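Inspection log for the structure reproduced underneath, given as structure tokens.
Derivation of every value follows stated rules applied to the coordinates shown; laboratory data play no part. In this text the structure is predicted, and so the values were computed from the model without any measurement. When we count neighbours, we look across all protein chains shown, and the Cβ atoms used for this are built from the backbone with ideal geometry, even at glycine.
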Amino acid sequence: MMAVTTPLCGCGQPAPDAVICHDCTATLAQALRDAITLAGELNTAIARQARFTAYTPARGSTHPLPYDPRAAEAAAELRAALAAALAPLATVTCPAGSIAAMAHWLLASLGRLRQHPDAPQWLHGITQAVRHAARVIDRPPARVYAGPCDCGTDLTAPPGTTQVVCPTCGATHPIAERQERMRTQLDDYLGTATYAAAILPGIGIHVTAGTIRVWASRHRLEARHVVPARGLSGVEQPLYRLGDIITLALARDAASAGLGRV
């Protein structure tokens with residue numbers, strides 16, 4: 001009698017009932033859940049202003065920070081990876097375009113997805129795109145922002161620079177002084193963890209969205225308001241006062257430098 005060989009997943013684990021094993025299916029399911037969460041955060045990073053609301057009237061005017069196209073590129077990559085898996089399984093009820101909607105649909109269709117011959121390629125493409133998107137969201141910008149010059153030109157400079165020269169009028173400005181002024185202006189504004197992580201490095205405060213959420217979970221940071229998450233019915237996102245985040249980040253940096261304890 002001929003021995004029956006159990007099919008193997010690409011990872012080497014047995015996959016008797018599908019093309020990918022249960023562990024890889026669980027990895028894919030988590031990646032799809034992460035994609036749903038990242039969808040709103042990528043939109044926030046792209047828009048630069050989503051869920052950025054005044055807690056009290058702003059003291060002075062602020063200019064938007066320079067647009068970083070990496071969030072748009074990561075969103076396009078993630079959308080393409082989801083669409084590649086979605087197209088062969090498509091039905092008249094299948095969504096298109098929205099990252100969150102596509103990820104929701106694929107998560108609900110996981111049983112069909114894991115049995116498709118292309119499931120290993122979809123697993124790789126989706127997990128890689130999700131990791132890339134997460135890195136982009138938590139990555140500080142390549143340049144620091146020093147606010148608008150008196151002539152109206154937005155001033156940016158490489159990290160570590162102490163002064164910036166306006167490319168339009170030639171005026172020289174001390175970066176630390178201008179960033180301190182912007183921090184004061186931003187104190188009473190609200191934003192999501194993702195938006196705060198995107199905007200604050202531009203004024204010298206380097207903190208990731210994950211760190212902000214940890215502070216909140218440990219009751220060191222209070223959510224001042226909640227708003228509906230874009231594209232996710234019934235899901236809300238907390239808004240944090242930027243001044244509170246700045247205070248915690250500066251205390252953390254002082255403690256790391258041996259100047260005190262957080």
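Quick notes on this structure:
- The distance between label points at ALA72 and ARG224 comes to 3.0 nm (points 7 Å beyond Cα on the Cα→Cβ vector).
- Charges were assigned to the Cβ only: +1 to each Lys and Arg, -1 to each Asp and Glu. The resulting dipole of region 101-177 about its Cα centre is roughly 540 debye.
- Protection proxy ranking of 246-252, 166-172, by the mean of other Cβ atoms within 10 Å over each peptide's residues and highest first, is 246-252, 166-172.
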